[in-house]
Structure formats: structure tokens, C-alpha cells
Amino acid sequence: MRSGTYITLCAAAILVMVFAGSQVATAVTCMVTELAPCAAAFSSSSPPSQQCCTKLKEQRPCLCQYMKNPSLKSYVVSPNAQKVATSCGLSTPKC
């Protein structure tokens, strides 16, 4: 009976470590410079690159923070930025 309980506890501990590790791995550092691959698409009518879409999706949790920054807001809410987001399959976040 004890070995069954021990195995269950070990399995539970392993699951906790796996899920805790995945939480840490998905944390995002909000740095607007990460969106540099999107600069051409934001400032012109050129379509976004795959790298731009990847970075935009990574930085999605940060977009509200960027929109609250007076220096960045006009870029984030610009019509071109909206087109880029749509092309990448993202919607405008509700902040």
C-alpha cells in the first residue's frame, strides 16, 4: 500500500514540475523592440513577414501596455498596424 502512495506522490510532483516549467517558459518580456521585424509593414502597405507575425503573437500580451504609452500608441493603433494584426490572424485587444 505504501509503494502505491509513494508512486502517486512522485507522479503528482513530476506533473507539478512540468506544468510549473511550462508557465515559466511562456512568460513574455514586453519590449517594443521585439516588434522590429514588423517596422516595414507598420509604416507601409507591405505585407507582414512570418517573423513579424511570430513576434506580434509573442508580444500580444504586451499590446495594451504599448497602447497606454503615449509614445507608442499612435503606432499600435494605426490603420497599418491593424492591417498587420489582421493579416497575422490577431484581433485588437480590449484594454
Got the relative contact order for region 42-95 handy, in percent, Cα pairs under 8 Å and 6 or more residues apart? 46 percent
Which whole-Hz couplings ³J(HN,Hα) result when phi for each residue of region 54-69 is put into the Karplus expression 6.51 cos²θ - 1.76 cosθ + 1.60, θ = phi - 60°, listed in order with x for Gly and Pro? 4, 5, 5, 5, 5, 8, 3, x, 9, 4, 5, 4, 5, 5, 7, 7
Please compute the per residue accessible area over region 52-95 with all protein chains in place, 1.4 Å probe, rounded to a whole number of Å². 61 Å²
If I compute solvent accessible area with a 1.4 Å probe over the protein chains, what percent of it on region 23-95 is carbon and sulfur? 58 percent
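The values are calculated or read from the model by the stated rules, or taken from the named source; none is laboratory data. Bear in mind the structure is a predicted one, so any value in this text is a computation, not a measurement. For the accessible areas, the whole protein counts, side chains as well, though only heavy atoms, and no ligand, DNA or RNA atoms are used. Shrake-Rupley method; radii C 1.70, N 1.55, O 1.52, S 1.80 Å.
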